[in-house]
Amino acid sequence: MLELLHIDKTYNPGTVNELCFFKDFNLKINTGEFVSVVGSNGSGKTSMLNIICGSMDIDGGRVVMNDADISKQKDFLRHRRIGRVFQDPSKGTCPEMTIMENMSLAENKGHPYNLSRGAAKMRRDYFRSLLAPLELGLEDKMDIKVGTLSGGQRQSLALLMSTMTPIDFLILDEHTAALDPKTAEKIMILTDKIVREKHLTTIMVTHNLRYAVEYGDRLLMMHEGRVIIDKSGEEKKKMEMGEILKKFDEISLEYGN
């Protein structure tokens, strides 16, 4: 379970550009939930993810993961239990290293690496067995540098690598936004498969409203650092894109857009 309790965050405090972004923000994500998050630019989606992952400090409040207060915990320590996939496929992989080397690093996350050629060769068949279900032929390209792969191949690999070690939470930060529609569909199918098979608590930020409606068992819409729609279970299943679009239109009219 993940809880954000009474979170306060102000950007550029004490300057003419001061902006109070989160004020007494509260959110609870239950174990096993797959939560889709939508909202306009500047609504607080990515900032929320950064606060959870520890890459953004907070001014007040607490971040609680599995009943432990991690508010002061460094990001690299949080990442031992959190897998994150970014919008840019290059952020989740090392382009100058081979697929084999990338997967070896991912498998050793949170542990001393101490990698050797012999140890790596022993894992080759295992890594091939993980890659084959992706149906991208990557199992036959183990010694190819990741930087030569397509965006979809790299994002598939990044998603797989982020879940190779036991994690409590999977964070998806618009992980299909940089991909063409056909590839994005494949990544979403793969995402849903991994989340379900590994029973991962997942937060997915997306600008694709259809993905938000079709995938996951809970949907949040954020605006100005607040949750303005929160639907789960049967309520979420009954939602349609038109309902979300209507809310976007109301916000646009309110702000004169």
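Tabulated results
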{"read-out": "Residue within segment 180-187 that is touching a residue at least 40 places away in the same chain (Cβ under 8 Å) and open to solvent by 20 Å² or more (accessible area, probe 1.4 Å) present", "value": "no"}
{"read-out": "Only listed residue being touching a Lys or Arg at 6+ places or on another chain (Cβ under 6 Å), of a type outside the set (Gly, Ala, Ser) and not in a strand (DSSP E or B), chosen from Met222, Met239", "value": "Met239"}
{"read-out": "Matching residues in segment 188-220 - criterion: being of a type outside the set (Val, Ile, Thr), more than 24 Å from Gln153 (Cβ to Cβ) and modelled with pLDDT of 95 or more", "value": "Arg218, Leu219, Leu220"}
{"read-out": "Pair list, Cβ < 7 Å and 6+ apart or interchain, from segment 146-169 residues that are among the basic types (Lys, Arg) to residues that are surrounded by 20 or more Cβ atoms within 10 Å (Cβ to Cβ)", "value": "Arg154/Pro89; Arg154/Thr93; Arg154/Val146"}
{"read-out": "In segment 134-145, residue nearest to Phe86 (Cα to Cα) [restricted to those that are open to solvent by 30 Å² or more (accessible area, probe 1.4 Å) and without any contact (Cβ under 8 Å) to a residue 24 or more places away in the chain]", "value": "Leu136"}
{"read-out": "Which numbered condition Val227 misses (of (1) among the hydrophobic types (A, V, I, L, M, F, W, C); (2) in contact (Cβ under 8 Å) with a residue 60 or more places away in the chain; (3) open to solvent by less than 30 Å² (accessible area, probe 1.4 Å))", "value": "(3)"}
{"read-out": "Members of segment 205-217 that are outside any loop (DSSP other than H, G, I, E, B) and open to solvent by 20 Å² or more (accessible area, probe 1.4 Å)", "value": "Leu209, Arg210, Val213, Glu214"}
{"read-out": "Close pairs (6 angstrom Cβ cut-off, 6 or more residues apart or separate chains): closer than 17 Å to His79 by Cβ in segment 55-68, in a loop (DSSP other than H, G, I, E, B) and among the polar types (S, T, N, Q) anywhere", "value": "Val63/Ser71"}
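The values are calculated or read from the model by the stated rules, or taken from the named source; none is laboratory data. Computed from a predicted model, the values in this text were never measured in an experiment. Cβ sites come from the backbone with ideal geometry, for glycine too, and all protein chains shown count toward neighbours. SASA here: full protein model, heavy atoms, side chains in, ligands and nucleic acids out. Shrake-Rupley method; radii C 1.70, N 1.55, O 1.52, S 1.80 Å.
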